[in-house]
Protein chains: 2
Amino acid sequence: MSDTVKYVLSEDRIPRSWYNILADLPEPLPPVLHPGTGQPIGPDDLAPLFPMALIGQEVSTEREIEIPEPVRQIYRQWRPSPLYRARRLEADLDTPAKIYYKYEGVSPAGSHKPNTAVAQAFYNKDAGTKRITTETGAGQWGSSLAYAACLFGIDVDVYMVRVSFEQKPYRKAMMESYGARCVASPSTETQAGRAVLEEHPDSTGSLGIAISEAVEVAAQNEDTKYSLGSVLNHVLLHQTVVGQEALEQMHMAGNYPDILVGCTGGGSNFAGMVNPFLGRQLRGGPKVRVIAVEPAACPSLTRGKYAYDFGDTGHLTPLVKMHTLGSTFVPPGFHAGGLRYHGMAPLVSHLHQLDLIEARAYHQKECFAAGVQFARTEGIVPAPEATHAIKGAIDEAMKCRAAGAGRTILFNMCGHGHFDMQAYSDYFADNLTDQAYDEGELAMALAGLPSVAA
Amino acid sequence: MSDTVKYVLSEDRIPRSWYNILADLPEPLPPVLHPGTGQPIGPDDLAPLFPMALIGQEVSTEREIEIPEPVRQIYRQWRPSPLYRARRLEADLDTPAKIYYKYEGVSPAGSHKPNTAVAQAFYNKDAGTKRITTETGAGQWGSSLAYAACLFGIDVDVYMVRVSFEQKPYRKAMMESYGARCVASPSTETQAGRAVLEEHPDSTGSLGIAISEAVEVAAQNEDTKYSLGSVLNHVLLHQTVVGQEALEQMHMAGNYPDILVGCTGGGSNFAGMVNPFLGRQLRGGPKVRVIAVEPAACPSLTRGKYAYDFGDTGHLTPLVKMHTLGSTFVPPGFHAGGLRYHGMAPLVSHLHQLDLIEARAYHQKECFAAGVQFARTEGIVPAPEATHAIKGAIDEAMKCRAAGAGRTILFNMCGHGHFDMQAYSDYFADNLTDQAYDEGELAMALAGLPSVAA
């Protein structure tokens, strides 16, 4: 009953390079386009927003990109993260499946986000950046960047979606504990924010608006750069430490996953786990079935269009080809704030187009039920985002039970739920709803996609 | 700037026994007395409340008490916990002191509390206990016991101080996630609770009242036992895994502490860290200066009387000799709920009487300032309780700076502050006060101590 099966790597097994799946894909990513000209953009177009090292990583097709030693040094605070076999969950499900999970909640911010925050802070420091702007929804990303930047002595301004700013004061306090400044978005500090407020003085904000604000400030200030917590290639790249460690830990376990499951919002925790496995497969290694799980209320992979779109509401970003619900799509309320984004990482969208991954969507109540089952068997209360991966893994394990198949399932438990207990309170009080998005609104948002020659 | 210095032990270095300092002390503990007879109590008096194995540990004078293998198995979920050198804090303080800290926030509940919760759940399971009752203030202990008990399939009823129950719904949700039942105390479920409510219908509760409720339910039900998260010998004993690991990790670091600092509420995280070091000293090993840091608003060690007192308000517990402010003392409000207890562990009180440790008290605002400095240098936001240890360590490091002395300081960072961000919000908004207790009330509480021949 009480056995813990944990696979621990020594510190010298923290990966020395990030893995770039673009080196192994049969087709390159569609180019990123300038919204004005419709032409592919070059590094110089991005230079106001990002340090050149990160722009280089964004477009690189090298397989291995060396992790700078100062980044590995900070990774050591919590890496390598543990990989567990979920024996008690298996027993509770009475399944012949073997379930493993990688646990990223051991980081100081409680999720996988610091894997890229530390890297981005390092390259910005190296380039002389004095201030970084970013957006945050529920606050996981904002507090992770605040953590990383404070270790490098860089100021951080976080534009936090107003509804979360007001409902989740604890995340704001966390960012302030790390010395960051947290601003409710839309704010009066930017043109983008003021424009929204003029039209909608009571706007509760959105990730798209907050991105516009953060990008605007970075674009207009020499010593200020912008940082994103998911979606972009270099962000997904930094997360591959997760999958690379997991590969080695599965080897320790004497096992290899038949099925990989991850939750997808912007796509970074998912790609960080699965890309190293998919890379092996692409280079002739064992085939693995990969399942992306997304919220039914914001289903970019399962219901979005694969098309060029803006990353933000204010249309300040370049155009990227991705699965998108349209930049004007506003999902109904649900608790997994980290999965509330209208688009999917271009790289994850590309993997889906290439049939390397499949996708499915779940409603939040069934995910919380899975999260509670996980807490009561494995002892860790998962973040609402992570409950989607758990639900996906449990469903696969139950299929194994029905089929009498002892398959091996691995998922990324990307964070703990300590900052999301309100969601659990609501779940236990039966105050959660599985609100569907409005089909008419989705159709309208998709109809409004920019028309560019792809 | 960015170096992480972390000392990691492999899993087989999880201690195989708990260390009992009573074996090495020059004088035994004063006996525990029956409140009715004034005579020392025997194991049978405690049998309605605790399984016999724990009663045996409570009175044992054996030096090493073997840790059952199922307990070690669950410890493996997060143990051995890391020990860090606080290099960035040292640099920020510009001190020649070397500062180390053991980090217990990596447990599933985020603090050191599961070290004893798992052990207590195991022995209760072994004795056939179906339900455990306990009290909790801020909720750290309640959620730790809920975690441990659910792994062993034991029901838990937590009596949570009403003011915390209402102000901290997230801890309640955490306990419920682990399947525990959480009741606001005083409740109508017990005689003790009803008696308080009759006299004070608006009572906001206290730890003392909640203990009375939990003890009453356990005493009256055959299959129900009671569990305490600190104060008692067996609880302190279970925490010695912390200090034993730290001893080995300091050896890895090629260093030995000149000064040990810990925060004290009931005394368990403090004793867990310092007892293995004090034991070495008592057996002829190196001498270490030990500093207990307590809140100035509830200063049992620095302002309490060393006398026999009840552990609860309802006077259902036996009488124990300890530093106490009197069981009727109600401390003013402050955020470190885990340090809000009128008494100090008899064992820690005894160490103080024997001049093996010293004590000092700090106000909460200076502790939060230390906590924020720690977060911004070391990257971990500490629990309000732990900021007291940090403040103590920083003060010692600053004395080293003044003296040009490169002493080695070690403290126990007993938990993260993820559930306490309201306190940080209040601190940043300058809404915290350093409220002093009422001297007249303290004098009255002390005058009301039970009169027994000590």
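Quick grid of which residues meet (1) closer than 23 Å to A:Ser230 by Cα; (2) open to solvent by less than 10 Å² (accessible area, probe 1.4 Å); (3) in contact with a His (Cβ under 8 Å, 6 or more places away or on another chain):
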| residue | (1), (2), (3) |
| --- | --- |
| A:Ala246 | yes, yes, no |
| A:Gln249 | no, yes, no |
| A:Phe277 | yes, yes, no |
| A:Gln281 | no, no, no |
| A:Gly285 | no, no, no |
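Going by what's in this entry, would A:Gln239 be described as touching a Gly at 6+ places or on another chain (Cβ under 6 Å) and either at pLDDT 95 or above or open to solvent by 20 Å² or more (accessible area, probe 1.4 Å) (or both)?
Numbers: touching a Gly at 6+ places or on another chain (Cβ under 6 Å): yes; either at pLDDT 95 or above or open to solvent by 20 Å² or more (accessible area, probe 1.4 Å) (or both): yes.
Judged against the criteria, A:Gln239 is a match.
So the check is Cβ under 9 Å with 6+ separation or different chains; which pairs have a first residue in the range B:362-373 that's on the phi > 0 side of the Ramachandran plot and a second one that's outside any helix (DSSP H, G or I) and not aromatic (Phe, Trp, Tyr)?
That search, which allows pairs on different chains as well, returns nothing.
Does at least one position in the range B:228-247 carry a residue that is closer than 30 Å to B:Tyr84 by Cα and among the charged types (D, E, K, R)?
Looking for residues that are closer than 30 Å to B:Tyr84 by Cα and among the charged types (D, E, K, R), one finds at least one in the range B:228-247, hence yes.
It is to be established whether one or more residues within the range A:212-223 are acidic (Asp, Glu), farther than 26 Å from A:Ala292 by Cβ and without any contact (Cβ under 8 Å) to a residue 24 or more places away in the chain.
yes
Would you please name the residue that is farthest from A:His352 (Cα to Cα), looking only at residues in the range A:301-313 that are out of contact with any Leu (no Cβ under 6 Å at 6 or more places or on another chain) and either surrounded by fewer than 22 Cβ atoms within 10 Å (Cβ to Cβ) or without any contact (Cβ under 8 Å) to a residue 12 or more places away in the chain (or both)?
Across the range A:301-313, the extreme among qualifying residues is A:Arg303.
For residues that are within 14 Å of chain B (Cβ to nearest Cβ) and assigned to a strand (DSSP E or B), scanning just the range A:114-159, find the one that is nearest to A:Asp420 (Cα to Cα).
Residue satisfying both the conditions and the ranking: A:Val156.
Just a yes or no: is a residue in the range A:155-166 among the polar types (S, T, N, Q) and modelled with pLDDT of 95 or more?
No, there is no match, as no residue in the range A:155-166 is among the polar types (S, T, N, Q) and modelled with pLDDT of 95 or more.
A quick yes/no check of all residues on (1) without any contact (Cβ under 8 Å) to a residue 12 or more places away in the chain; (2) buried (at least 18 other Cβ atoms within 10 Å of the Cβ); (3) in a strand (DSSP E or B):
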position	(1), (2), (3)
A:Pro28	no, no, no
A:Gly36	yes, no, no
A:Leu49	no, yes, no
A:Leu54	no, yes, no
A:Thr61	no, no, no
A:Val71	no, yes, no
A:Ser81	no, yes, no
A:Pro96	no, no, no
A:Ala109	no, yes, no
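Answer with yes or no whether A:Pro295 is open to solvent by less than 10 Å² (accessible area, probe 1.4 Å) and on the phi < 0 side of the Ramachandran plot. Let's see the steps before the verdict.
On the way: open to solvent by less than 10 Å² (accessible area, probe 1.4 Å): yes; on the phi < 0 side of the Ramachandran plot: yes.
Judged against the criteria, A:Pro295 is a match.
Working only within the range A:269-300, note down all residues that are over 19 Å from A:Arg63 (Cβ atoms) and either of a type outside the set (Val, Ile, Thr) or without any contact (Cβ under 8 Å) to a residue 24 or more places away in the chain (or both).
Result: A:Asn269, A:Phe270, A:Lys287, A:Arg289, A:Ala292, A:Glu294, A:Pro295, A:Ala296, A:Ala297, A:Cys298, A:Pro299, A:Ser300.
Output the helices (runs of 4 or more DSSP H) that fall wholly within the range A:160-221 and possess 2 or more residues being touching a Ser or Thr at 6+ places or on another chain (Cβ under 6 Å) and closer than 20 Å to A:Gly326 by Cα, or say none. Show your work before the answer.
Details: elements: A:162-167, A:169-177, A:191-199, A:207-220.
Because the criterion is at least 2 residues that are touching a Ser or Thr at 6+ places or on another chain (Cβ under 6 Å) and closer than 20 Å to A:Gly326 by Cα, the helices (runs of 4 or more DSSP H) in the range A:160-221 that meet it are A:191-199, A:207-220.
Any chance the range A:321-337 includes a residue that's open to solvent by 20 Å² or more (accessible area, probe 1.4 Å), farther than 23 Å from A:Met444 by Cα and either assigned to a strand (DSSP E or B) or in contact (Cβ under 8 Å) with a residue 60 or more places away in the chain (or both)?
Yes, the range A:321-337 contains at least one residue that is open to solvent by 20 Å² or more (accessible area, probe 1.4 Å), farther than 23 Å from A:Met444 by Cα and either assigned to a strand (DSSP E or B) or in contact (Cβ under 8 Å) with a residue 60 or more places away in the chain (or both).
Go through the residues of the range A:179-191 one by one and say whether even a single one is among the polar types (S, T, N, Q), open to solvent by less than 10 Å² (accessible area, probe 1.4 Å) and touching a residue at least 40 places away in the same chain (Cβ under 8 Å). Give the steps one after another, and end with the answer.
Pass one, the range A:179-191, residues among the polar types (S, T, N, Q): A:185, A:187-188, A:190-191.
Of the ones still in play, those that are also open to solvent by less than 10 Å² (accessible area, probe 1.4 Å) are A:185, A:187, A:190.
Next, from what is left, pick out any that are touching a residue at least 40 places away in the same chain (Cβ under 8 Å): A:185.
The answer is yes; a qualifying residue exists.
Does B:Val5 satisfy the condition of being within 14 Å of chain A (Cβ to nearest Cβ) and on the phi < 0 side of the Ramachandran plot?
Spelling it out, B:Val5 is indeed within 14 Å of chain A (Cβ to nearest Cβ) and on the phi < 0 side of the Ramachandran plot.
Do any helices (runs of 4 or more DSSP H) entirely within the range A:356-446 hold 3 or more residues that are within 12 Å of chain B (Cβ to nearest Cβ), buried (at least 23 other Cβ atoms within 10 Å of the Cβ) and in contact with a helix residue (DSSP H, G or I) (Cβ under 8 Å, 6 or more places away or on another chain), and if so, which?
It comes to A:364-378, A:421-428.
Quick one: which of B:Pro28, B:Pro68 is more than 30 Å from A:Arg76 (Cα to Cα) and within 14 Å of another protein chain (Cβ to nearest Cβ)?
Residue meeting the stated conditions: B:Pro68.
The values are calculated or read from the model by the stated rules, or taken from the named source; none is laboratory data. Note that the structure is a prediction, hence the values are computed from the model and not measured. As a convention, Cβ positions derive from the backbone with ideal geometry for all residues, glycine included, and neighbour counts pool all protein chains shown. These area figures cover heavy atoms from the full protein model, side chains too; ligands, DNA and RNA do not enter into them. Shrake-Rupley method; radii C 1.70, N 1.55, O 1.52, S 1.80 Å.
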